[in-house]
Amino acid sequence: MSMNRGDGARSVALFTCFEWVSISTSVINTARYLAAQGYEVDLYLIPSRRFGEPTFSEQGIRKIVVNPQRFPIGQLQFLWARWRQKKDYRFAIGFDPLGLLAAALQRLVFGTPYVYHSLEILCLSPASNWRHRLLKRLERWAARRALLCLTQDTQRGAILASDLGIPPEGIGIALNGPIGPALPGRSGYLQRKLGIDASKTLVLAVGSLMRETWIDRILESVDAWPADCVLVLHGWIPYGDFAAQVLAEAAKRPGRVFVSTDLLPDAEKYQVFQSATIGLVCYAPTDDNLKYAAGSSGKLYDFMRVGVPVVANDIPGMRDLVEGTSCGIVVHSAELIGQAIGTIRANYRTYGRCALAAYENYRFDDSYEKVLGRIESSLP
């Protein structure tokens, strides 16, 4: 089916079916990079009260809001929204399994080729319900028909290829790092917002605040930290019961633990990272998605960008990224975080310089230049 409205030769559709698009580095940077290359970008997304919509200063990016429906009906809603645009696209990109299915469906109807960009590995377990299992089967079906399957690093790429049954050469790497140059310097944003003395060492855990990111273990470790260190938890707590636990633990440590859940727009988020003295990058390896999260950790590259050293936990690939670049220390257990903080403070300038130097190897725009070349060369 052919549409006529718009310049299909330079138009691309991005399909997302999750509510945190406004804080998804990969989605936002994909839209920005493609727009910078002269593409007209249509970003299909569902509304979110918690996270709001992403904002863009760039020309050529348009947001198309789709009313959310539960899988699989929701994918038909995206197909309807796509039809209403009356527009040809050069190609489409589906993010994560639900976005992939929206992209695959529109190919069946409109013939537009598509790319799969996997942000989270969809893992099955004995407890997985029928929807989850059906989604996995459809993910494999659709991924095998994509022009290219993208993920954030080579380690996850190997897992994705095996999981989806596609050849390794069908995988492309789009790093989950930022676009643009390093941003050294300190903002003092969190210190002012939370009333923290500027002389304190501010240790920052940012993003998803949950057991899977070690937040409970980090809280328990604070009592053994140097006395002039404070912990700031900045982000969102997805689960109500865990939120109550976090707030209770923080209340036990007044002046040592601070909780901030006011999220900033993507364009302003570096005020948070530039507030930190040391960053925390930790994941509980409960499944393959978390076990192999080192290379997909956007906050690791955000800390690098502003020259903030990190303490991370020992999951596959993390030691190479952190200690291999001398931008921080990897620990086996949360009990060792305090000791690692002391080591970093004793050599702080060196760790900070190494973090800034490491960042230059993990810029999104450098990796996506190669990705876009592969996509364009694969188009009919």
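The values are calculated or read from the model by the stated rules, or taken from the named source; none is laboratory data. Note that this is a predicted model, so its numbers are computed, not measured. In this analysis, Cβ positions are derived from the backbone assuming ideal geometry, glycine residues included, and neighbour counts consider all displayed protein chains. These accessible areas exclude ligands, DNA and RNA; they are computed on the full protein's heavy atoms, side chains included. Shrake-Rupley method; radii C 1.70, N 1.55, O 1.52, S 1.80 Å.
Numbers for the structure displayed
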{"quantity": "Count of segment 99-120 residues which are out of contact with any strand residue (DSSP E or B) (no Cβ under 8 Å at 6 or more places or on another chain) and within 19 Å of Gln152 (Cβ to Cβ)", "calculated": "1"}
{"quantity": "Single residue of Ala205, Ala198 found to be crowded, with 21+ Cβ neighbours inside 10 Å, at pLDDT 95 or above and not in a helix (DSSP H, G or I)", "calculated": "Ala205"}
{"quantity": "When residues of segment 164-189 are limited to those that are out of contact with any Cys (no Cβ under 9 Å at 6 or more places or on another chain) and outside any loop (DSSP other than H, G, I, E, B), the one surrounded by the most Cβ atoms within 10 Å (Cβ to Cβ)", "calculated": "Tyr189"}
{"quantity": "Count of residues meeting criterion [of a type in the set (Val, Ile, Thr) and within 17 Å of Lys299 (Cα to Cα)] in segment 219-277", "calculated": "5"}
{"quantity": "Looking only at segment 224-265, and only at residues there that are under 20 Å from Gly328 (Cβ atoms) and not in a strand (DSSP E or B), the one that is nearest to the chain's Cα centre (by Cα)", "calculated": "Trp225"}
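Residue-wise test of (1) over 18 Å from Asp197 (Cβ atoms); (2) touching a residue at least 12 places away in the same chain (Cβ under 8 Å); (3) open to solvent by less than 50 Å² (accessible area, probe 1.4 Å).
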| residue | (1), (2), (3) |
| --- | --- |
| Ser221 | yes, yes, yes |
| Val246 | yes, yes, yes |
| Val257 | no, yes, yes |
| Leu264 | yes, no, yes |
